[in-house]
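Following: one structure in structure tokens, then a few remarks.
The values are calculated or read from the model by the stated rules, or taken from the named source; none is laboratory data. These figures come from a predicted structure and were not determined experimentally. All Cβ positions, even for glycine, are placed from backbone atoms using ideal geometry, and neighbour counts span all protein chains on display. Note: accessible area is taken over every heavy atom of the protein model, side chains too, but ligands, DNA and RNA are not part of it. Shrake-Rupley method; radii C 1.70, N 1.55, O 1.52, S 1.80 Å.
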Amino acid sequence: MSVESDFVLGKVEVHSTENRGHDAEFWAAQATKKICDISDNAPAHIKQQALAFQNQVYTVILYTIKNAIKSQKTTYSNLLRKQGHGDMADILKEL
């Protein structure tokens, strides 16, 4: 019995860091590329419009990611403070 699949592995990229995770700007850029990629063959005026749109998408995604990070830090900080770890909560808020 053979199983056929339409799954095709596209381009694979590797991005590494040292002693840290990727920042919000990295993830916003990755999401933006997946949402609105621009063809190299597009006419110049279309490319210009697409770049402007891509920049707007990036800005919205970055803003949202940064707010999500702040919200998560607040949740963790409040949980630590509630458990009597005010010092750790303060450190987390400062990160």
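What to note about this one:
- Scope region 58-95; condition touching a Lys or Arg at 6+ places or on another chain (Cβ under 8 Å) and open to solvent by 60 Å² or more (accessible area, probe 1.4 Å); matching residues: LYS93, LEU95
- Of all residues making up region 16-50, the number that are over 24 Å from GLN72 (Cα atoms), in a loop (DSSP other than H, G, I, E, B) and open to solvent by 50 Å² or more (accessible area, probe 1.4 Å): 5
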